[in-house]
There are 2 protein chains.
Amino acid sequence: MKPLDLDEFKRQGYMMIDFLVDYHRNVANYPVLSQVQPGYLRKLLPSSTPSNPEPFGNILRDVKQHIVPRITHCQSPNYFAYFPSSSSIAGLMGEMLSTGFSVVGFNWISSPAATELESIVMDWLGQALKLPESFLFSSNVGGGGVMLGTTCEAILCTLVAARDKKLCHIGKENLKKLVVYGSDQTHCALQKAASVAGIHQENFRVIKTKKSTSFALSPDSLLAAILHDIENGLVPCFFCATVGTTTTAAVDPIGPLCDVAKYYGIWVHVDAAYAGGALICPEFRHFIDGVEGANSFSFNAHKWFLANVTCCCLWVKDSSCLTNSLSTNPQYLRNKASESNQVIDYKDWQIALSRKFQSLKLWFVLRTYGLDNLKNFLRNHVKMAKTFEDLVKKDKRFEIFVPRYFSLVCFRVSPLVITKKSFCNGTNDEEGHYNEFGGKIINDDKKRLVNEVNRKLLDSINGSGKAYMTHGIVEGAFVIRCAIGATLTEEQHVIMAWNIVKEHATSILSKRSKA
Amino acid sequence: MKPLDLDEFKRQGYMMIDFLVDYHRNVANYPVLSQVQPGYLRKLLPSSTPSNPEPFGNILRDVKQHIVPRITHCQSPNYFAYFPSSSSIAGLMGEMLSTGFSVVGFNWISSPAATELESIVMDWLGQALKLPESFLFSSNVGGGGVMLGTTCEAILCTLVAARDKKLCHIGKENLKKLVVYGSDQTHCALQKAASVAGIHQENFRVIKTKKSTSFALSPDSLLAAILHDIENGLVPCFFCATVGTTTTAAVDPIGPLCDVAKYYGIWVHVDAAYAGGALICPEFRHFIDGVEGANSFSFNAHKWFLANVTCCCLWVKDSSCLTNSLSTNPQYLRNKASESNQVIDYKDWQIALSRKFQSLKLWFVLRTYGLDNLKNFLRNHVKMAKTFEDLVKKDKRFEIFVPRYFSLVCFRVSPLVITKKSFCNGTNDEEGHYNEFGGKIINDDKKRLVNEVNRKLLDSINGSGKAYMTHGIVEGAFVIRCAIGATLTEEQHVIMAWNIVKEHATSILSKRSKA
């Protein structure tokens, strides 16, 4: 057994490249969302590890037969679900190299190049995003960036840093008084991080946003929540603002929110997981105006920045807050470089100790494409989203639910269409759900009906396998999300997706109105 | 710009495979531990992202020139540092495929095959390790496994689960009473996890171990600590036992420790990060006898199991404890499959939401090599470690510091050699450190001298670039750790490493004794 036999390495490596090329050639033909029943795979695979080696060809055959048809094809040009998880050759090459080296870069000494490249690439990207100088290593004032797996980790690490900083002032027995703030549009990572960090659940504030303000969090609402908590003897600690929320890509007003939070000594984290990459384009940069007031900022380069899952970039203004909370100094890791304080030990910026050579991937992406092309790549997705939006707008049966800033379009079949008499006063509806509404539909019933029709439409689209979109519910309304950003998506796919939506809507609406 | 152009994909892919094959062909020739000054790379790279694309060849050239000479070569056959981070073609192929698909498998529906393969592979591996049935999905009693990045995550997730379970009984206002237990040999991940989870630092127990019992934690010591805490009104919550500690690969007596902990309702996690893989060999399995009493068990397949960084396998007996603490259920992720409770949503088993198709890598490893070969592969490393140990034993200047169970040898230049009169009563020592000791060396000074000589020896070995070992300090003694497990290491490398140790020792000792 030679697990690194060079001839075999080359043979299997080429085979795998061919396999991946082939996969990408055909990816548009697979049903995007796999149609499969839970437990399918256990029936197809042996129940235990084989005792003897199996040829690589057999394993690849099983991948083709049992795996490929049953994954959701995020790389399909017809993938419009969640947010993109965009892949690129550069991302793949960087990851291959990192996996090939398989170094563990917990501290500087364990692999100097891994640490140094990461801090350089984080500065490159921070500059490209026009982050404040204070967030960069190059400014030498204590700020800098780190690559983590996901935004969930970024939020947990910064929340723990904020928690410990606050407790340092007020005493750790006051943990129960700390309050964490987000809006009802903030990613669920915040609540999870708060709970992991021991914040009391009743001190987790979910501040309401409104459709009338496009689901952006109002600084006044934040202020009111803070004041209320202070009145009650609680201690505001951490606030997460979002640029590009998960459901509708709403943008919280960063500057004004930072002003409020800063006044009360609250750590502000800006989560730009999806939209962050777009901020390299000057026309989008204004969305984080005022970020100087924030303590930390993160975005997922694996979402809409070609870096393949997973790659979260986190910048902090004062890295000592992170390292105060997260550093460890066991004897077996001690070394002269760390003791000299001349180096970064990234283990102290994250939860995990072991870490890959993470920056290669992003370094490859930035160099292979260059900043100008990357801007155009992102703009092109935004343009395609506008095309989709325009198509929706032209069809009177539909409505755009919230303003579109980036490449996410939130839409639905219009309530006006669904609740008009001809559509819902039938008496023969096969499921019998709407018969009783007739002309006297009450408000909640109307809403339920509208949601149900839209949900049915989405299920129908996704069931076709020809496109995959997901949903969100905001202010009680079920909306369909079309998130454009898969690397292979071109205008033709967006137009095709719209045709699929129309076709399925026509079928559903005509069935209803006939009923 | 076509980030997934198929011709380019193939061209770059083949180039990268060739690059990696070439790297592995030459890896033995590089200095294992890079000799480099902090900040070297910033001087070599541009200060910002290029605006325009750069050819792939240029990027690879920079990798060759600036990165390869400055990483620590974990894949070198002469890498004996920390613990192995063993690479394999199968691991690399699996990771390539995962990166190529770039699916996000947060829940079942987001990529059914990703979730299903993971649960199957975790059952395969759990069986191979002869974990209790209750830790496997196949037993249908609530147990099962998940793949995380690192042991740090495994410990944090289980600790949070244990914390919340306990607080559920005693009320969350009692967080300050919870106590976490480990030994002075437990990995620093435990302390970090406790601090992230909000456990009060003064309730973190570091129980002393002794050389006389090979640094295994004594159940009596654990019991005494627990009783003392209970007497003081505290609440024992979580205990982490280790099979193969970081410094000396000591093994805590799992069964007896579980008996103690279980009686007091303490969650027991077994951390077998390094040694876990070896438990597939029947002759090592006894090290976790009694693991039935534990609540969770983890090992890092990226250490000594060919799965390339990072890949931590965690099994829990009662997965509902994990999911009670870590589940989130935002509207945008709701789906029929999750609501049917027929599927696993791995996002609820970990900190992060987004996750790669992690199981491919391990599936490839298990199938490509087969269980019998894997056992032999591990046994061969153990055999090589025995060879090294025997060589050390034969040289009277050295001593083996602790019994060797697996593939880690802890040794040092013997205090008898260093402190004998001829060695330390010189008066011309260039650094003048030992002159005053003469024949009247007191105990602490002796110890310091012994440590200093051994530290010097290790620095000298590592400075040669011909081998890389690391150190540990136990009971005040500086020991040199030779961890065998790099995929390419063969007996010749082990013998060569020993010759390097001898040669540098001879040089250092003769210099001393002449002085």
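The values are calculated or read from the model by the stated rules, or taken from the named source; none is laboratory data. Note that the coordinates shown come from a computational prediction; the quantities given were computed from them, not determined experimentally. As a convention, Cβ positions derive from the backbone with ideal geometry for all residues, glycine included, and neighbour counts pool all protein chains shown. The area values use the complete protein model at the heavy-atom level, side chains included, leaving out ligands, DNA and RNA. Shrake-Rupley method; radii C 1.70, N 1.55, O 1.52, S 1.80 Å.
Summary of values
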{"item": "Residues satisfying the stated conditions in the stretch B:306-328, i.e. outside any helix (DSSP H, G or I) and in contact with a Lys or Arg (Cβ under 7 Å, 6 or more places away or on another chain)", "result": "B:Ala307, B:Asn308, B:Val309, B:Thr310, B:Cys311, B:Thr328"}
{"item": "Test: residue in the stretch A:45-52 that is touching a residue at least 24 places away in the same chain (Cβ under 8 Å), at the interface with another protein chain (Cβ under 7 Å from one of its Cβ atoms) and not small (Gly, Ala, Ser)", "result": "no"}
{"item": "Residues of the stretch A:329-379 classified as under 25 Å from B:Ile155 (Cα atoms), assigned to a helix (DSSP H, G or I) and among the charged types (D, E, K, R), total", "result": "2"}
{"item": "Evaluation of B:Ser320 against (1) at pLDDT 95 or above; (2) buried (at least 20 other Cβ atoms within 10 Å of the Cβ); (3) closer than 29 Å to B:Val268 by Cβ (one fails), failing number", "result": "(2)"}
{"item": "Residue among B:Thr213, B:Thr151, B:Thr209 that alone is among the β-branched types (Val, Ile, Thr) and surrounded by fewer than 18 Cβ atoms within 10 Å (Cβ to Cβ)", "result": "B:Thr213"}
{"item": "Number of the condition not met by A:Lys64 [criteria: (1) open to solvent by 10 Å² or more (accessible area, probe 1.4 Å); (2) at the interface with chain B (Cβ under 8 Å from one of its Cβ atoms); (3) assigned to a helix (DSSP H, G or I); (4) not hydrophobic (A, V, I, L, M, F, W, C)]", "result": "(2)"}
{"item": "Matching residues in the stretch A:449-470 - criterion: being buried (at least 17 other Cβ atoms within 10 Å of the Cβ) and over 10 Å from A:His504 (Cβ atoms)", "result": "A:Leu449, A:Val450, A:Asn451, A:Val453, A:Asn454, A:Gly465, A:Tyr468, A:Met469, A:Thr470"}
{"item": "Residues that are more than 7 Å from chain A (Cβ to nearest Cβ) and either surrounded by fewer than 24 Cβ atoms within 10 Å (Cβ to Cβ) or assigned to a loop (DSSP other than H, G, I, E, B) (or both), drawn from the stretch B:83-107", "result": "B:Phe83, B:Pro84, B:Ser86, B:Ser98, B:Gly105, B:Phe106, B:Asn107"}
{"item": "Residues of the stretch B:230-259 satisfying the condition of being of a type in the set (Asp, Glu) and either surrounded by fewer than 15 Cβ atoms within 10 Å (Cβ to Cβ) or in contact with a helix residue (DSSP H, G or I) (Cβ under 8 Å, 6 or more places away or on another chain) (or both)", "result": "B:Glu231, B:Asp259"}
{"item": "Sole residue being under 19 Å from the mean Cα position of the chain (by Cα) and either of a type in the set (S, T, N, Q) or under 18 Å from A:Gly255 (Cα atoms) (or both), chosen from A:Ser221, A:Ser183, A:Ser195", "result": "A:Ser183"}
{"item": "Search result, residues across the stretch A:164-197 that are touching a Cys at 6+ places or on another chain (Cβ under 8 Å) and open to solvent by less than 10 Å² (accessible area, probe 1.4 Å)", "result": "A:Leu178, A:Val179, A:Val180, A:Tyr181, A:Gly182, A:Ala189, A:Leu190, A:Ala193"}
{"item": "Residues of the stretch B:471-511 that turn out to be open to solvent by 10 Å² or more (accessible area, probe 1.4 Å), within 18 Å of the chain's Cα centre (by Cα) and in contact (Cβ under 8 Å) with a residue 40 or more places away in the chain, as a count", "result": "2"}
{"item": "Failed condition for B:Cys74, given (1) surrounded by fewer than 19 Cβ atoms within 10 Å (Cβ to Cβ); (2) not in a helix (DSSP H, G or I); (3) not aromatic (Phe, Trp, Tyr)", "result": "(1)"}
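Yes or no, residue by residue, for (1) within 14 Å of chain B (Cβ to nearest Cβ); (2) under 30 Å from A:Ala483 (Cβ atoms); (3) open to solvent by 10 Å² or more (accessible area, probe 1.4 Å):
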position: A:Ala261; (1), (2), (3): no, yes, no
position: A:Tyr264; (1), (2), (3): no, no, yes
position: A:Gly277; (1), (2), (3): yes, yes, no
position: A:His286; (1), (2), (3): no, yes, yes
position: A:Glu339; (1), (2), (3): yes, no, yes
